[in-house]
Amino acid sequence: MEGFLGGYWWVLLLILCIALYKIILRFLFGMVIVPEDKIGLVTKKFVLFGDHKELPDGRIIATLGEAGFQAKTLAPGLYFWMWVWQFDVSMEEFTVIPEGKIGLVLSKDGAEIQTGSILAKRVDCDNFQDAEKFLNNGGMRGRQTTYITAGSYRINTMLFNISITDMIRIQESRVGIVTTLDGLPIEAGQIAGKLVDGHNNFQDFDTFLNNRGNRGLQPQVILAGSYNLNPWAVQIEEIPMTEIPIGYVGVVISYIGQEGKDLTGVEFKHGNIVEKGHKGVWLEPLGPGKYPINSYTMKVELVPTTNLVLNWATARSEAHNLDKNLSTITVRSKDGFPFNLDVAQIIHVPTTEAPKVIARFGNMVNLVSQVLEPTIGNYFRNSAQDSDVIAFLSSRKERQESAKEHIKKVLDEYNVNAVDTLIGDIVPPDSLMKTLTDRKIAEEQKVTYETQKKAQETRQGMEKETAIADMQKDIVKAQQSVEIAERTANATVKKSEGDATSVKLAVSAEAEATKLRAFAEAEATKARAEAESEAIKLKASAQAEQITLTGNAEAEKILAIGKSTAESYQLAVKALGGENFTRYKITEELSKGHIKLIPDVLIGGGKEGGANAIDGLLGLKLMDMIEPNKKGDSK
């Protein structure tokens, strides 16, 4: 073993030199190797030659080769003559700023910050990577206005302390209210600094300071987005954007700006209305939409421009809540009864008049409490005192119209349009209400009875109509039968008319033929009639002649008989006498008629010759018995 070490000792020495080459080269040549991801921070222990052996008072970083922390750093690479006994070189990581972050820089050395300032202004120093240049260009100790953004930097941490913080992010529909921590004091009479341009939303704070920006509340806001803002210089308060709904306008009251000229004229004595950008109430209101308003420097009062309903009614309020403090109006009538009534007032504020309303009252709540509430309440209280409860109830329509006119005149003076006044529920006292209710119930009962009577009459009519409707089927059937019969008859008539036409033609022909035959027969008959007439005439003439002759003969015969008879009667009268001749002729005529002058049986009287009724009856009976036998014999 000793032989082996004795023969190969140089190998061990070579291995040891290789392992410790850096240390050896550092001692022999003062060589320092700075890796690629490191930075070398140098501390000088002493100075051998030169005038600058000690740092000036108040300085901790050497720029002229003084002993102490050196401003100049060693970038990655190879360096010689950095003797270990004179220089101490420490390796530090690069300063890395992640995405979405910024690096705030605090300088440990440099010039004094100006009196009244809290931040050191920017100097040209390659993003604080050249500490020597920073100090030589007048860089100041303390917190810097400038920051470093995302990336890797060779920062001398013996001079600069880097704090990593988040970027400022403003969300959608929100705005950032800015308060600066450095700058000139705000002017007297103002609550915010003046408007400064060119600082890129306060991301270039040095430009803000150079343009004489003021510390404190700023009139400018920043909108949604991400910003590299130095929290040592700028503080951000995130608030929602000002939203003006549809149906409203926003009257802007600005607390900052120069005093503006009043645009309302001498007649309006309730406040100044100015142009946009001046201090006071702006003449031009904002329409519906979202606006990035700085709520610390401006106030936006919402004024409804649609018809607005205000209710004087307990436990009833609209969505706008302007009437949340209004309640039912209690009034007292002329006859001493207290009663309640609900009132609804509809108003409209024109867009052009909205600034005047706000200038006069400050907000819509004050308009309601200072004008509408006392005006409407007092009107109805005064109106109720002139009437009793019943009359007030019965004249509700007229009182509503009167209230509308009165309130319209009052509101016109306040630049508000009164659209309508409506009286709601009227609640009389319970005792009076009971009387009215009883009266109404009686009236309604009467109406109910009348209605029931009409209902019964209607029911009777309905039953009648129902019975008629039930018979309608038979009626329709009969009507259909009649229509069928009519149509059948019409068809038959049509057919008969057709047949009649045919028959008529035939009859006409037959009649014509008959006419011709009749004419011929008539001619023939005429001829025969004339012949017969002539024959009859001759025959009649002969018979007439015969009758005449016969009649003459008969007349002469009768005359002769009459004469002879008369002569014989005359002779008989003379011979018998007049009366005897008359008896003779009567007897002769009776005998010609076979009349019995003397009866066949004579019933005599009694012994003394007197007539007896019984004998007469027996005689008549006997005659009746004889007569049938005679009749049978005669047969």
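The values are calculated or read from the model by the stated rules, or taken from the named source; none is laboratory data. Every value quoted in this text rests on a predicted model; they were computed, and no experiment measured them. Neighbour counts run over all protein chains shown; Cβ positions are idealised from the backbone, glycine included.
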Original post:
Looking at segment 71-87, which of its residues are in contact with a Ser or Thr (Cβ under 8 Å, 6 or more places away or on another chain) and modelled with pLDDT under 90?
Top reply: PHE87
Original post:
Assuming ALA188 fulfils every condition listed in (1) among the hydrophobic types (A, V, I, L, M, F, W, C); (2) surrounded by 14 or more Cβ atoms within 10 Å (Cβ to Cβ); (3) farther than 16 Å from VAL105 by Cβ apart from one, which condition is it?
Top reply: (2)
**OP:** Report yes if some residue within segment 341-352 is acidic (Asp, Glu) and under 20 Å from THR305 (Cβ atoms); otherwise report no.
**Re:** no
Original post:
Which residue pairs have Cβ atoms under 8 Å apart, sit 6 or more places apart or on different chains, and have a first residue in segment 138-159 that is touching a residue at least 24 places away in the same chain (Cβ under 8 Å) and at positive phi and a second that is among the aliphatic types (A, V, I, L, M) and in a strand (DSSP E or B)?
Top reply: GLY138/ALA111; GLY142/LEU106; GLY142/ALA120; GLY151/VAL96; GLY151/ILE97
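GLU318 - would you say it is charged (D, E, K, R) and free of Cβ contacts under 8 Å to residues at least 24 places away in the same chain?
Judged against the criteria, GLU318 is a match.
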Original post:
Of these, ASN415, ASN363, ASN382, which one is at positive phi and not aliphatic (A, V, I, L, M)?
Top reply: ASN415
Subject >> Any hit, segment 161-174, residues being modelled with pLDDT of 95 or more, out of contact with any helix residue (DSSP H, G or I) (no Cβ under 9 Å at 6 or more places or on another chain) and under 25 Å from LYS279 (Cα atoms) >> reply: yes
Original post:
Among the residues of segment 382-432, which ones are within 23 Å of PRO304 (Cβ to Cβ) and basic (Lys, Arg)?
Top reply: LYS404, LYS408, LYS409
Original post:
Do we find a residue being within 40 Å of the chain's Cα centre (by Cα) and either under 26 Å from HIS348 (Cβ atoms) or not assigned by TED's automatic domain parsing to the domain that holds GLU99 (or both) anywhere in segment 206-225?
Top reply: yes
Original post:
Quick one: is SER90 surrounded by fewer than 16 Cβ atoms within 10 Å (Cβ to Cβ) and touching a Leu at 6+ places or on another chain (Cβ under 7 Å)?
Top reply: yes
**OP:** Working only within segment 147-156, note down all residues that are within 14 Å of ALA131 (Cβ to Cβ) and of a type in the set (Ser, Thr, Tyr).
**Re:** TYR153
**OP:** Answer yes if at least one residue in segment 448-471 is at pLDDT 70 or above and either in contact with a strand residue (DSSP E or B) (Cβ under 6 Å, 6 or more places away or on another chain) or closer than 30 Å to PHE339 by Cβ (or both), and no otherwise.
**Re:** yes
Subject >> Unmet requirement for SER226, which otherwise passes all of (1) surrounded by fewer than 21 Cβ atoms within 10 Å (Cβ to Cβ); (2) in a loop (DSSP other than H, G, I, E, B); (3) in contact with a strand residue (DSSP E or B) (Cβ under 9 Å, 6 or more places away or on another chain) >> reply: (2)
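Every residue, every condition in (1) within 14 Å of ARG360 (Cα to Cα); (2) surrounded by 19 or more Cβ atoms within 10 Å (Cβ to Cβ); (3) touching a strand residue (DSSP E or B) at 6+ places or on another chain (Cβ under 6 Å), yes or no:
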site	(1), (2), (3)
GLU238	no, no, yes
GLU243	no, no, yes
TYR248	no, yes, yes
VAL251	yes, yes, yes
GLN258	no, no, no
LYS269	yes, no, no
GLU275	no, no, no
VAL281	yes, yes, yes
PRO285	no, yes, yes
Original post:
Does any residue in segment 207-233 that is closer than 23 Å to ILE191 by Cα come within less than 6 Å, Cβ to Cβ, of a residue that is aromatic (Phe, Trp, Tyr) and surrounded by fewer than 21 Cβ atoms within 10 Å (Cβ to Cβ) six or more places away or on a different chain, and which pairs are these?
Top reply: LEU217/TYR296
Original post:
For residues in segment 100-118 being under 21 Å from ASP166 (Cα atoms) and either part of a strand (DSSP E or B) or at pLDDT 95 or above (or both), which is nearest to the chain's Cα centre (by Cα)?
Top reply: LYS101
**OP:** Residues being assigned to a loop (DSSP other than H, G, I, E, B) and of a type outside the set (A, V, I, L, M, F, W, C): count how many of those fall in segment 122-170.
**Re:** 14
Original post:
For segment 173-189, what are the residues that are under 53 Å from the mean Cα position of the chain (by Cα) and either of a type outside the set (Val, Ile, Thr) or part of a loop (DSSP other than H, G, I, E, B) (or both)?
Top reply: SER173, ARG174, GLY176
**OP:** Considering each residue of segment 199-223, count those that are exposed (fewer than 15 other Cβ atoms within 10 Å of the Cβ) and under 26 Å from GLY100 (Cβ atoms), and give that number.
**Re:** 2
